[in-house]
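The values are calculated or read from the model by the stated rules, or taken from the named source; none is laboratory data. Just so it is clear, the structure is predicted and the values come from calculations on it, not from any experiment. Because the Cβ atoms are built from the backbone with ideal geometry, glycine has one as well, and the counts that use them run over all protein chains shown.
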Amino acid sequence: MKVSIMSGVPGSGKSHHVREMAKIWLSEGKRGTVVSTDFFWYSNIHTMDVYFDELSHKDFGEYKFEIPRLAEAHPACMAAFIDILKNQEDRDHADYHVIVDNTCIHNWEINPYYLVAQSFGADVEILRVEANLDDCIARQTHNVPEHVLLKMNMTFHEEQDHPWEAGVKIPAQHMPWWTSRNVG
């Protein structure tokens, strides 16, 4: 089983890249699931995970982000992630991918997903998606204030000790508006 943990500021293109990876993997006969805290905020999704083959045609409904409900959304996302990994042996496909599509710019956001995935024997990678801050501000759907995005972007680019650095990979297919660097 493979787990990819997305990392990047809101509006950097993480979810776009997730949809593109899912299309490629589906065309190669691979299957998988995307787990995202964002799913908590869509009116037509009543789960924290969506199968690859549903990403392109599922009607997610209206997106309504509510800061006070973050304390519910993140634990629900982690619980769904654990359930998927725990029930992986029940799946009939040997090459299964799980993508965590959250912001994950801090170690404390990445580490729980990374450690849980490792405990289930998954091959784990961190995918950093970088973009110009002005583009992130224009594209983001969370209504994050510009000063908060600026701080998030600075934090994302700070040099830190990352216990998982050896697993960091930069996406192979870059969109024209992406800039990226390999921190591994």
Here are some conditions: (1) at pLDDT below 85; (2) over 16 Å from the mean Cα position of the chain (by Cα). R31 meets all but one. Which one does it not meet?
(1)
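In the stretch 4-28, which residues are hydrophobic (A, V, I, L, M, F, W, C) and within 10 Å of the chain's Cα centre (by Cα)? Talk me through it step by step, then tell me what you get.
To start, the set of residues in the stretch 4-28 that are hydrophobic (A, V, I, L, M, F, W, C) comprises 5-6, 9, 18, 21-22, 24-26.
Matches in the stretch 4-28: I5, M6, V18.
Scan the stretch 20-62 for residues that are of a type in the set (D, E, K, R) and farther than 18 Å from I84 by Cα and report the count. Outline the logic, then answer.
Residues of the stretch 20-62 that are of a type in the set (D, E, K, R), as a first pass: 20, 23, 28, 30-31, 38, 49, 53-54, 58-59, 62.
Okay, now just the ones that are also farther than 18 Å from I84 by Cα, so 20, 23, 28, 58-59, 62.
Total meeting the criteria: 6.
Tell me which residues, restricted to the stretch 101-142, are touching a Leu at 6+ places or on another chain (Cβ under 8 Å) and of a type in the set (V, I, T).
So in the stretch 101-142, the residues touching a Leu at 6+ places or on another chain (Cβ under 8 Å) come out as 116-117, 120, 122, 133, 136-137, 140.
Passing the criteria: V116, I137.
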Taking the stretch 34-65 and the residues there that are polar (S, T, N, Q) and closer than 20 Å to M6 by Cα, the one that is modelled with the lowest pLDDT would be S56
Of the residues in the stretch 71-124, those that are more than 11 Å from the chain's Cα centre (by Cα), among the acidic types (D, E) and modelled with pLDDT of 90 or more come to E72, D83
